[in-house]
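Okay, so here's the structure we're looking at.
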Amino acid sequence: MRAAGSRAGARASAWWRASALTAALGLGGLASPAGAQPPAIPLLDSLATEDDPVALEALERQLIAWARANRDDPDAHLRLGAVALRLGQLTGQPHWDHAISEFEWAAELEPRSPLPWHGIGLAWLGMAPAQYDARTTVQAMLGVDPVAKAGKAFSEALAREPGYGPSATAWGGLALLPALRDEAPDALVALRRVPEARDTTFHLVRGRLERRAGHPDSALAAFARYAAAGGSAGVARLERARVLLAAGHPDGPPAYYEGAALADSAAAAQFRADLAFLVDDSVLVGFDLVSGAARRAWLERFWRERDLAALRRDGERLAEHYRRLEEAETAFGLAPFKRRFGFGDYYQSGRTDVDDRGVIYIRHGPPTDRNRTVRFQAESWYYAPGTARELWFHFVALDDLTDYRLVPSAAQVPLAAQQEIRDQGGAASDEYWRIATIGPVARQRVEDRLFAAGREMMVIGTTTDSWARRWERPLQAAAQAVTVALEEGTGRVHVALAVPLARLPADSAGIRRLTIRLVALAPDGSPAARIDSLVEFLPAAAAQTGLVRISFPARPGPLPVQALAETDRAGALVLRETLDVPDAGAGLGLSDIVLGRESLGLSWRGGDGEPVALNPMGTFPRSEPLSLYYEVYGLADGLAVTELVLWRAED
């Protein structure tokens, strides 16, 4: 017989990782029984190096012969169970069943030992199917599937020895799964009872459970112990960043980027997995091609672009992403099995961790309005326009009552669920009312139109991400943006804003405050201008409108600009357009035509040194003269070739 531990280069991963549900654990401490000795058996970690089922089966036969002469020796059955576990990993059933039988026998002989129950838990994990069918899905819902049984076995081991680290780690890892989230509090208590654990996985699991439980200080301490025990430095930084980002701590983004800069494959895989919720492999190839400081720079640029697009401060979109991840894993997480995708699915995410609601939530955040059925597994989400476009999403759970799939329109929702969602009212039910109120002649035409619009929204929802600003009240602000050229290769943008002061809350001194945030993007996606300003309007009995002018230089060419104005509860996206900045040295050209009102007192000095009036309000009283300004470039001195005609638009 070839000894199971004879191969060189023992593997670092634990041998019982049959379903990748838990991290490395250990049975350890299986000493040889007193008296008659069994055939030589390596330590359990050494079994990981034995890939030959024939050699293991030969060893198993010798152990069976020895166990027959020592039927009441629990160690004999523990050893048989250990060999059966390895055979189960290599060949599958029926060795998992054999392992459970041997461990159960050992538990009867030694009821106070945690080892048999720990082995039973590992065997149940080995039997967890790669893909659940209808029967095992129902078992999972009832809490009697292999994963749930494994959790119960680990808890039984801890009932016999509360400080037994391997079972505490395994149970904690399972409690992080959505299907066993109710066991998280008890699993966390079990982890806290383990004295002076040295296993890196133990500290990693405990830190994640502490974070889920809302104990940031304990989570940070656990991740620090994980790093000190020899865990991945990059993973430790990322986990620390998750805690700090969730708390809005300013050290969150630096910890995130420091972890990304470390040359650590385990950390890189986690960073990449978190990004994969937002972008596909065509974007992630850029992440894969860099490392170290270059990877950090890549991520900084990636998140800065999203801060700019959402008109947020640096680091806000990164923190929001990890808040969404935490919420989606908790609220929309799937049981630990592979989802089945079929020809009839309108959208196939390929994800096995969250359902389609989680995909939309991570990309676009919480919906403005959400309707859910009580008796039927269906939901409809509505996103108000705000600083992004208006969107509807509909979800239905059919084959698996916990797995919600995207459908294009309300017409694909079961009729009984349609009525229940429609009766709830709100914007999320609008499509249902449209379907219910149309006649039979027009029904197919309307449903086809809703289907086409829904498919378009599904594409937007599953290929883009956003963080739209929405306010309780509209601010009814207005803006005017104009561009001129200063000299060759240089231009300037002037933005004027007008807001009714009555819309702004006043403090005890009568001062009204308005936040203005503006972003202009260069062709490479970097900020050509970024303004975040707080404007104060002093008390003035005669003033009814607050006026603000913003000016910044810009390179010639197209310039996307967006700006918002907001108070605590009211706001508006006042500007979203692509301006054309002229170039004075590019030949014949014309600046923007600027119409203004001198009475507003909002102006800048033009090319001739004279004041140029602006008018963000867009109205021109008959009693006031209209100010007109424009610039022509590329003309010889004394040559004029322009003619402008203005007329009043008909009411």
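Over the chain, what is the mean sequence separation of C-alpha contacts under 8 Å (at least six apart), divided by residue count, expressed as relative contact order in percent? Here the relative contact order equals 7 percent. Each principal axis of the Cα cloud of the chain was taken in turn, and the coordinate range along them, longest first, works out to 115, 62, 53 Å. Between the helical axis of 115-126 and the longest alpha-carbon principal axis of the chain there is an angle of about 50 degrees. Kirkwood hydrodynamic radius, the stretch 494-651, all distinct C-alpha pairs: what's the number in Å? That comes to 18.0 Å for the stretch 494-651.
Taken one residue at a time, the phi angles of the stretch 566-572 give Karplus couplings (6.51, -1.76, 1.60, θ = phi - 60°) of 8, 10, 4, 10, 10, x, 7 Hz. Gly and Pro are set to x.
Here the Karplus curve 6.51 cos²θ - 1.76 cosθ + 1.60, taken at θ = phi - 60°, turns the phi angles of the stretch 104-113 into couplings of 5, 5, 4, 5, 5, 6, 10, x, 8, 8 Hz, with x standing for Gly and Pro. Amide H to amide H, with H built 1.01 Å from N, residue 579 comes under 5 Å of 559, 561, counting only residues 5 or more places away or on other chains. Surface composition of the chain: carbon plus sulfur atoms contribute 52% of the solvent-accessible area (1.4 Å probe, protein chains only, all chains present). Restricting the trypsin sites (Lys or Arg not before Pro) of the stretch 424-476 to loop positions (DSSP other than H, G, I, E, B) with no more than 15 neighbouring Cβ atoms within 10 Å leaves 470.
Amide H to amide H distances under 5 Å link residue 574 with 563, 564, 565, where only residues 5 or more positions off or on other chains count and H is placed in the peptide plane. For the stretch 268-323, the Kirkwood estimate of the hydrodynamic radius, built from every pair of different alpha carbons, is 11.7 Å. Computed 3J(HN,Hα) for the stretch 296-313, one whole-Hz value per residue from the Karplus formula 6.51 cos²θ - 1.76 cosθ + 1.60 where θ = phi - 60°, is 4, 4, 4, 5, 4, 5, 4, 6, 5, 4, 6, 4, 5, 4, 9, 6, 10, 6, glycine and proline marked x. The DSSP beta bridges internal to the chain are antiparallel in roughly 95% of cases.
Within the stretch 261-356, which chymotrypsin sites (Phe, Trp or Tyr not before Pro) sit in a loop by DSSP and count at most 13 neighbouring Cβ atoms inside 10 Å?
On the way: sites: 271, 277, 287, 298, 302, 303, 322, 332, 337, 341, 343, 346, 347; in loops: 277, 332, 337, 341, 343, 346, 347.
Filter output for the stretch 261-356: 341, 343.
Enter the angle in degrees (range 0 to 90, nearest 10) between the Cα long axis of helix 53-68 and the first principal axis of the Cα atoms of the chain, meaning the one along which they spread out most. The answer is roughly 50 degrees. Helix 74-91 and the longest principal axis of the C-alpha atoms of the chain enclose an angle of approximately 50°.
Once both labels are positioned 7 Å from their Cα atoms along Cα-to-Cβ, the gap between residue 470 and residue 282 label points is 3.0 nm.
Which value, in nm² and rounded to one decimal, describes the direction-averaged projected area of the C-alpha convex hull of the stretch 425-514?
12.6
Entry comment: accessible area of the chain is 48 Å² per residue, from protein heavy atoms only and a probe of 1.4 Å. Dividing the helix sum by the residues of the chain, where each DSSP H run of 4 or more adds -39500 (n - 2.57), gives a mean residue ellipticity at 222 nm of -12500 deg cm²/dmol.
Shape class for the stretch 369-413: prolate, because the ratio a/c of the largest to smallest gyration tensor axis (alpha-carbon atoms, square roots of eigenvalues) is 1.5 or more and a/b beats b/c.
The values are calculated or read from the model by the stated rules, or taken from the named source; none is laboratory data. As the structure is a computational prediction, the values presented were derived from the model and not from experiment. Because the Cβ atoms are built from the backbone with ideal geometry, glycine has one as well, and the counts that use them run over all protein chains shown. Just so you know, the surface numbers come from the protein's heavy atoms only, side chains and all, with ligands and any DNA or RNA stripped out. Shrake-Rupley method; radii C 1.70, N 1.55, O 1.52, S 1.80 Å.
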